Amino acid sequence: MLETSEELDALQELLDASMATAGPHARDVIGEGRRLDARQLTGRLHGMQLLVLATVTADGRPLTAPVDGYFLHGTFWFSLATDAVRSRHLAVRPQVSATHLPGESLAVTVHGKAELFELGTPAGAELRQAMLDHYLPRQGPSFGEWMESVQAIGARIVPEKMLTFHLEG
């Protein structure tokens, strides 16, 4: 867990505010007993978490596709190839929605704006390390070599709303 106490407090405020402004159906389905608090959420999201990321096309259509997400400092981070369609979308329209849905007992949905950064920056170094921590044990040194050769950018979703759903089971 990389979150500081201040980041956990900010995440909890976001989760509470998001639930307070959720629609009646979401409040009914999620309910108090089906929410994760900030500490529980960060405890569940270690390593790579597949996200379905939605970006917006020039004519306003949503476009979704999976990305490898990493929950760092209370927000989702991911990388994209610089020549990816989604990279072009985010450069001019940073609004995104993303959902982590590993099964019917857990869902985390976030709406906000993607903040892009170069992988050579301090933020990029942190994302790069998270990626190496996940993939080097699975793919070996070739993953690190591949990372050195790929043209990519990093992104962090600056959350405006985040909802969690959890069923014991």
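The values are calculated or read from the model by the stated rules, or taken from the named source; none is laboratory data. Just so it is clear, the model here is predicted, and its values are computed rather than measured. Because the Cβ atoms are built from the backbone with ideal geometry, glycine has one as well, and the counts that use them run over all protein chains shown.
Here's the yes/no breakdown for (1) closer than 20 Å to Q40 by Cβ; (2) of a type in the set (K, R); (3) in contact with a helix residue (DSSP H, G or I) (Cβ under 9 Å, 6 or more places away or on another chain):
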residue	(1), (2), (3)
F71	yes, no, yes
T99	yes, no, no
G112	no, no, no
G124	no, no, no
P137	no, no, no
G154	no, no, yes
V158	no, no, no
Check your understanding: Out of region 2-16, which residues are modelled with pLDDT under 95 and under 26 Å from G31 (Cα atoms)?
Key -> E3
Check your understanding: So which residues in region 80-98 are among the hydroxyl-bearing types (S, T, Y) and surrounded by fewer than 17 Cβ atoms within 10 Å (Cβ to Cβ)?
Key -> T82
Check your understanding: Which residue, of R34, R27, is exposed (fewer than 15 other Cβ atoms within 10 Å of the Cβ) and touching a Phe, Trp or Tyr at 6+ places or on another chain (Cβ under 8 Å)?
Key -> R34
Point to revise | Residue tally, condition assigned to a loop (DSSP other than H, G, I, E, B) and of a type in the set (S, T, Y), over region 17-48 | key: 1
Exercise for review: Would you check if there is a residue in region 91-101 being assigned to a loop (DSSP other than H, G, I, E, B) and within 25 Å of H166 (Cβ to Cβ)?
Suggested key: no
**Study point:** P137 vs. criteria exposed (fewer than 12 other Cβ atoms within 10 Å of the Cβ), more than 17 Å from the chain's Cα centre (by Cα) and within 27 Å of L8 (Cβ to Cβ)
**Key:** no
Point to revise | Among (1) buried (at least 16 other Cβ atoms within 10 Å of the Cβ); (2) free of Cβ contacts under 8 Å to residues at least 60 places away in the same chain; (3) outside any helix (DSSP H, G or I), the one test that V108 misses | key: (2)
